[in-house]
Amino acid sequence: MFNLIRRDLILQKRQLLIFAPFVCFFIFMNSHPALIFLIASVFIPLNTYAYDEKAETNILLNSLPYTRKEIIASRYVGAVVYMVLSIGFSSLALFIFNKPFTVTDMAIGSSLFLLFAALTFPLFYILKPGYISTVVIIGFIVTVILFQAAENFLAQHLTAITEFVTGLSTTTLYAGSAVAVLTLYAVSWIISSVIYFRKAF
Amino acid sequence: MENVVELNNVSKSFKGFSIDHMDLQVKKGFVTGFIGANGAGKSTTIKMMMNLLRPDNGEVKILGLDYETHEKAIKERIGFVYDGNVFFEGLNLKDIKRIVAPAYKSWDHSLFAQYVEQFELPLNKPIKTFSKGMQMKVSLAIALSHHAELIIMDEPTAGLDPIFRRELLDLLQELMVDGERTIFFSTHITTDLDRIADYIAFIQNGELIFNQSIHEVAENYALVKGGMELLDRDTEKSFVHVHRAPTGFEALTDNISAVKNTFGNEVIIERASLEDIMYYVKGGKNVV
Amino acid sequence: MQIIISNSSKEPIYEQITNQIKSSILAGELEEGTAIPSMRKLAKDLQISVITTKRAYEELEKAGFIYSIVGKGSFVAEQNLELMKEKKLKVIEEQLNSVITNSREIGLSLNELQDLLKILYEE
């Protein structure tokens, strides 16, 4: 399975060259650090799916000595691995350019990424090849817009929400969101496995 | 004799096409040619052998193992060559090797290097710049570099020029010398099989018409030619299909001795080529 | 060992192989105990399918011309010369019979025929 995850780096040699400028662009744009973490995390998995929506890729992977379970697992584990690496890289870049960020930003960025991954990954196995990238890219843009809208919404209706949130302890809040996100990710993993298992190539 | 592939009572249905209760055995150490018209079910059968497609019913056994419990062990020992390129076309061969090689426990780097040299494959050019023949050689080099015991090829010669086809046949023949390898080879170009096939499996509309050694095929099927006056409802019974012309008839029989009994020396009996068999069987039994 | 295969011959390929190996053995070109190529090697050399050479070897074995030892290969078998002689004699007898029939048709006497045979034999 490690090979399947490593495969993404070999496949995306060229794309990785634009990874650094891509992240730096958002840093210079003074984007919210959480958003930068999210964008950086999405980069590799999304590129992987651009390859993997092709029928040939699935025929190849399924003809090699891998089980379908492993192929799906490599996507989900790989996404987390690359998320960690991307967030590490982005933090370094933010630090170098002297932009402030907090651990909370990281937590929000990675939670949003996992949420995004949990919602979109199964789509790749449901939708027909060719449409998937479009759907996901549009989906991603919508998510980002919603994220900003949510920020505005939060700013406006802060009192009601803060009242609710302050009612909870910080730990409960973080732990609760973490559990929710991870559960969703796990459910998504299971759904993808079931769909992929039944697929014909 | 040992069977490397066994399909037992396998069924798979799609909209407008189905394979019903197919039994197919592929014998170890021999080349089995899998023939049939386009759309007859060759690719579907091969996909079921590769577990790219699951049968609705029935059992698929490869090297004595089933996919439910031994998927990795089976695929470790299969080499595959598909009609089109399945490798990431933007990558060069070196990178493809870096992706594919670690998947196999038994990958042999020096053997791969040897085939790359023998096939004159460039390591640093993207696969999409390769000709069809070269892409096929890439698949073959990969299949051979992990010591595959069963090589499954889906239309490997389609779109290849005659010289390339011949080279491929030479190579396959060399592979058969030690007797450890089995080749299952689908094609609609039957002349490819004249030279190397030991067994012929013939599929038509999702149904396996026969799976016989080339000697059995030659002994069972023949072309019969004679005058129209010889044909009547009774004599036609020994023919699979009859083609009539003002100059006489030509028919395919799957029962040579019956034809000899009925017509004696009044007809000419000739060897039927695989193409003749495919053509006449498509016409259906006793269709006029 | 030389074998020439004709793809356009009416004679099946396996028969062409058996016949050619048989005549090499009978002519003494392949001596008793000589190893002959494995059927897989021969198939590759002749560019034909393995099952064809397999069948040829099986027929040769059945007819007692070769024998196979698992793991070692195939060898030319000892030929029963007495039996072979007997068979040949039978063939000669048949051929002579047709010579006699032909001779009678054109009225050739036994003496004349013997003279002719003598000349041809001593040639």
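All of the numbers you see were taken from the coordinates with simple rules; none came from a lab. Just so you know, these numbers come straight off a predicted model, no measurement behind them. Cβ sites come from the backbone with ideal geometry, for glycine too, and all protein chains shown count toward neighbours.
Tabulated results
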| item | result |
| --- | --- |
| Over the protein assembly as shown - Rg/Rh using Cα atoms and the Kirkwood inverse-distance radius | 1.17 |
| The range B:97-106 - phi-based ³J(HN,Hα) in whole Hz, Karplus 6.51/-1.76/1.60, Gly and Pro as x | 4, 5, 7, 7, 3, x, 5, 9, 5, 9 |
| As computed over the range C:55-99, the Cα convex hull volume per residue (Å³) | 80 |
| Neighbour-count ranking [beta-carbon atoms within 10 angstrom, fewest first] of B:E149, C:E105 | C:E105, B:E149 |
| Size of charge dipole - the range A:2-198 - debye, nearest 20, with Cβ of Lys, Arg +1 and Asp, Glu -1, no other charges | 580 |
| Estimated FRET transfer efficiency when R0 is 45 angstrom, pair A:F89-B:T69 (beta carbons, to 0.05) | 0.60 |
| Per-residue mean of C-beta atoms belonging to partner chains within 10 Å, peptide C:44-57 | 5 |
| Residues B:L169, B:L123, sorted so that the one with the fewest Cβ neighbours within 10 Å comes first | B:L123, B:L169 |
| Where Rh is the Kirkwood radius over Cα pairs, Rg/Rh for the range C:13-76 | 0.93 |
| The range B:29-62 versus the range B:91-119: alpha-carbon centroid distance in Å | 27 |
| Relative contact order of the range B:221-282, defined on C-alpha pairs under 8 angstrom at six or more residues apart (%) | 45 |
| Rg(Cα)/(2.2 N^0.38 Å) for the range B:221-282, N = residue count | 0.99 |
| Extended-chain gain in nm, criterion 0.36 nm per residue less alpha-carbon gap, C:L89 and C:I106 | 3.5 nm |
| Gain upon complete extension [A:I18, A:A178; 0.36 nm per residue less C-alpha separation] | 54.5 nm |
| Computed [θ] at 222 nm, helices only, for chain B once each DSSP H run of length n ≥ 4 contributes -39500 (n - 2.57) | -9500 deg cm²/dmol |
| Antiparallel DSSP beta bridges within the protein assembly as shown, percent to nearest 5 | 70 |
| Mean separation of Cα contacts under 8 Å (6+ apart) over length of chain B, as relative contact order % | 21 |
| Estimated inter-spin distance, B:S11 and B:K28, nm [label 7 Å along Cα→Cβ] | 3.2 |
| Relative intensity, log₁₀ I(q)/I(0), of chain C from a Debye sum that treats every alpha carbon as a point, q = 0.16, 0.20 Å⁻¹ | -0.83, -1.07 |
| Computed over chain C: relative contact order in percent, which uses C-alpha pairs under 8 Å that are six or more apart | 20 |
| Mean residue ellipticity (222 nm) of chain C, computed from DSSP H runs ≥ 4 via -39,500 (n - 2.57), nearest 500 | -19500 deg cm²/dmol |
| Rg over Rh, two decimals, the range A:2-198 (C-alpha only, Kirkwood Rh) | 0.99 |
| Residue order, fewest to most surrounding Cβ atoms within 10 angstrom, among A:L38, B:L230 | B:L230, A:L38 |
| Of A:P21, A:P65, A:P122, the one that fluctuates the most in a GNM where chain A has Cα springs shorter than 10 Å | A:P65 |
| DSSP H segments from chain A that extend 15 Å or more along their own axis, Cα-based, with Kyte-Doolittle mean of 0.0 or above | A:33-52, A:68-96, A:103-126, A:132-156, A:170-198 |
| Three-way shape call for the range C:81-122 based on the alpha-carbon gyration tensor, with the a/c threshold at 1.5 | oblate |
| Shielding score for A:54-63, defined as the mean number of other chain Cβ atoms within 10 Å | 6 |
| Degrees between helix C:50-62 axis and first principal axis of chain C (Cα, 0 to 90, nearest 10) | 50 |
